Amino acid sequence: RKRLMNIKMRLYATQEYLAEHGTPKSMDDFSQHRLISQHAGTPQVAAGALLVADLMNHNIPSTLSVNNYFGVLQGVLNHLGIGVLPDYITEDFPHLVRVLEEVESGDVPVFLAYPEELRHSKRVQAFREFVTEEIFTYRKRQQI
């Protein structure tokens, strides 16, 4: 198991969605918006679940719950609401707009895990090198 990086879960929407529904300035403004997230009972990273649970304490009247982050992303990309997504998502979708910048999860550690007995497998080594290079490139872009 190798720790790769930390991420945070944040709120994102499309510019089109915000143009039509307005940009919330505080959690009180969420009464006019739909929150897209994983269901709080879905297995997910603890920090993401805590953020969703905290958001739900604000009695958001319109929600869309899905069972994975790809579903959240698809909802956001199709202008259905404001989604809880990992911060690295803007690398591939730079047009997404961060909403309520003060709202985010705690650090979520990301690990590369594989069985110890496969450590010397050529496939595992190739995958480990690929992931490590991608993380290095990602970190480098974050510093610019």
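So if I check each of Ala53, Ala19, Ala40, Ala47, which one is of a type outside the set (S, T, N, Q) and free of Cβ contacts under 8 Å to residues at least 12 places away in the same chain?
The conditions single out Ala19.
Before we move on, is Ser37 touching a Pro at 6+ places or on another chain (Cβ under 7 Å) and either surrounded by 18 or more Cβ atoms within 10 Å (Cβ to Cβ) or not in a strand (DSSP E or B) (or both)? Before the answer, list the steps.
Details: touching a Pro at 6+ places or on another chain (Cβ under 7 Å): no; either surrounded by 18 or more Cβ atoms within 10 Å (Cβ to Cβ) or not in a strand (DSSP E or B) (or both): yes.
Considered against the rule, which asks whether it is touching a Pro at 6+ places or on another chain (Cβ under 7 Å) and either surrounded by 18 or more Cβ atoms within 10 Å (Cβ to Cβ) or not in a strand (DSSP E or B) (or both), Ser37 comes out as no.
Can you name every residue in region 38-63 that is more than 17 Å from Pro24 (Cα to Cα), modelled with pLDDT of 80 or more and among the small types (Gly, Ala, Ser)?
Ala47, Gly48, Ala49, Ala53
Do you know which of the residues in region 90-144 that are closer than 30 Å to Asp29 by Cβ and among the hydrophobic types (A, V, I, L, M, F, W, C) is modelled with the lowest pLDDT?
Result: Val108.
Somewhere in region 116-125, is a residue loosely packed, with under 10 Cβ neighbours inside 10 Å and under 30 Å from Leu55 (Cα atoms)? Steps first, answer last, please.
If we filter region 116-125 for residues that are loosely packed, with under 10 Cβ neighbours inside 10 Å, which is where we start, we get 116-117, 120, 122-123.
Narrowing further to those that are under 30 Å from Leu55 (Cα atoms): none.
No, region 116-125 contains no residue that is loosely packed, with under 10 Cβ neighbours inside 10 Å and under 30 Å from Leu55 (Cα atoms).
Residues Asp92, Asp87, Asp107: which one is in contact (Cβ under 8 Å) with a residue 60 or more places away in the chain and loosely packed, with under 14 Cβ neighbours inside 10 Å?
Asp107
Specify the residue that is farthest from Ala40 (Cα to Cα); the eligible residues are those in region 61-95 that are of a type in the set (Phe, Trp, Tyr) and within 9 Å of the chain's Cα centre (by Cα).
Filtering first and then ranking leaves Tyr88.
Regarding Gln32, is this residue free of Cβ contacts under 8 Å to residues at least 12 places away in the same chain, farther than 24 Å from Gln142 by Cα and loosely packed, with under 13 Cβ neighbours inside 10 Å?
yes
The values are calculated or read from the model by the stated rules, or taken from the named source; none is laboratory data. Predicted model only: the values in this text are computed from it and were never measured. Because the Cβ atoms are built from the backbone with ideal geometry, glycine has one as well, and the counts that use them run over all protein chains shown.
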